[in-house]
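We did not get these values from a lab; they are worked out from the coordinates using the rules stated. Source: prediction; values computed, not measured. Virtual Cβ from ideal backbone geometry, glycine too; neighbours counted across all protein chains shown.
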Amino acid sequence: MQIVQKVGEQLLQNVQKVIIGKDREIRLTLLALLCEGHLLIEDVPGVGKTMLARAISRSIGTTFRRIQFTPDMLPSDVTGVSIFNQKSMEFEFRPGPIMAQLVLTDEINRATPKTQSALLEAMEERQVTVDGVTYPMARPFLVLATQNPIEYEGTFPLPEAQVDRFMMRIQLGYPGKSQEIDVLGRQAEKHPIESLSQVITVEELIEAQNAVRTIYVDDLVKEYIVDLVTATRNHSDIYLGASPRGSLALFMVCRAWAALQGRDYVLPDDVKLLAESTLAHRLLISPSARIKNVTARQIIEDTLRQTPVPGARVKAR
């Protein structure tokens, strides 16, 4: 697990030079990165959503593309298009910005559902199909999407199928007073992102991602994960609960979290810690519950209280 801890610590320390006072949120971002999952960053403007994505990209040295979503965008603006070359008399594929290792989709909910759907194949299958030809994505591949939850004019809600493809959802929130003063001081002459250097290689990241897949998860913990997800489907305030993809996402991020802590096994406490970030965005609350201001976070807390925690047993050697 040394490679996972090394990669995680180096990335954390480097990103902290840009994102002040958000250690937990940075660690959650690293979990998505280590699990080869996608991340939805949902918060008000100006709290550092875009800067977090840029800092991660600079720290790794991956190919990076930013897509500024707007209502007039077309799917081909994302995936690419085939153009006829008059010299060779053949069609040539011009790849779109999605053909990168780290893709920032800024203000993703400003694009129409038709354009948003252009991301579905890439996010789930790590490939893009244009004019009947399939182009694989380079590894690692991660989509970091941002959206403003309080602005509704000129926006389109994300389809449930797309929301479900995001492994985790996080909110950065406002910094504390002392942290905001620190931000002002650090940007007095220039932005810290300009001097941020690469601290790990893509090869080291892939090695860490492979190491995460070796973390042991006991059958009792697997059963606990499935019981939690099942409880969201049967909750009285839920119209649509978490899918099996949600179970798999929670399973994977728990392994990554355990590896970052230096353990080669997952604890039920890991599941409790990561359940909200992994499952809450997948829940559709019923209209009657929305009237009572019931939130997905409250439902996750409710299911955690009601679902029995499994006992421990020794791993067979």
Open item on the list: Can you give me the distance in nm between label points at Glu203 and Ser117, each placed 7 Å from the Cα along the Cα-to-Cβ direction?
Closed with: 4.2 nm
Task: Residues Ser243, Ser236, sorted so that the one with the fewest Cβ neighbours within 10 Å comes first - done: Ser236, Ser243
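Would you please classify the overall shape of region 109-241 from the alpha carbon gyration tensor, given that a ≥ b ≥ c denote the square roots of the eigenvalues, rounded means a/c under 1.5, and beyond that prolate means a/b larger than b/c while oblate covers the rest?
Rounded, since a/c falls under 1.5.
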Task: Residues in region 66-94 that a label on Asn148 would reach, taking backbone N under 16 Å of a point 7 Å out along Cα→Cβ - done: 68-72
- [ ] Mind giving me the nanometre distance, one decimal, between the label points for Val133 and Met89, set 7 Å out from Cα along Cα→Cβ?
- [x] 1.8 nm
- [ ] Counting helices only, and only those DSSP H runs with n ≥ 4, report the 222 nm mean residue ellipticity of the chain as the sum of -39,500 (n - 2.57) divided by its residues, in deg cm²/dmol to the nearest 500.
- [x] -12500 deg cm²/dmol
Open item on the list: Taking loop as defined by DSSP and a crowding limit of 16 other beta carbons within 10 Å, which trypsin sites (Lys or Arg not before Pro) in region 96-178 fit?
Closed with: Arg126
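Can you put Met167, Met99, Met89, Met137 in order of Cβ neighbours within 10 angstrom, beginning with the fewest?
Met89, Met137, Met99, Met167
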Task: For Ser82, net neighbour charge (Lys/Arg +1, Asp/Glu -1) across residues whose Cβ lies under 10 Å away - done: -2
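Just want to confirm a number: the relative contact order over the chain, from Cα pairs under 8 angstrom separated by 6+ residues, in percent.
It comes to 23 percent, rounded to a whole number.
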TODO: Match the structure shown to one of the listed values (i) 1.14; (ii) 0.98; (iii) 1.04 of Cα Rg over 2.2 N^0.38 Å, computed from it, and give that label.
DONE: (iii)
TODO: Calculate the spin-label point distance for Asp219 paired with Glu160, positioning each point 7 Å from the Cα along the beta-carbon direction, and give it in nanometres.
DONE: 3.3 nm
TODO: Work out, step by step, the length gained on full extension between Gln10 and Thr70: first 0.36 nm times the residue separation, then minus their alpha carbon distance; give nm to one decimal.
DONE: 18.1 nm
TODO: Using the charge dipole of region 2-209 (Lys, Arg: +1 at Cβ; Asp, Glu: -1 at Cβ; taken about the Cα centre), state which of Ile83, Asn148, Gln5 has its Cα farthest towards the positive end.
DONE: Gln5
Open item on the list: Just to be sure I follow the rule: in region 1-138, considering lysines 8 or more places apart or on different chains, how many pairs have Cα atoms under 27 Å apart?
Closed with: 6
Open item on the list: Taking a ≥ b ≥ c as the square roots of the Cα gyration tensor eigenvalues, with a/c under 1.5 meaning rounded and otherwise prolate when a/b beats b/c, else oblate, which class fits region 45-110?
Closed with: oblate
TODO: Taking the Cβ of each residue in Glu180, Glu194 as the centre, tally the other Cβ atoms inside 10 Å and list the residues starting with the fewest.
DONE: Glu194, Glu180
- [ ] Could you check what % of the DSSP bridge pairs in the chain are antiparallel, to the nearest 5?
- [x] 40 percent
TODO: List the relative contact order of region 215-306 as a percent without decimals, with contacts defined as Cα pairs under 8 Å and 6+ residues apart.
DONE: 35 percent
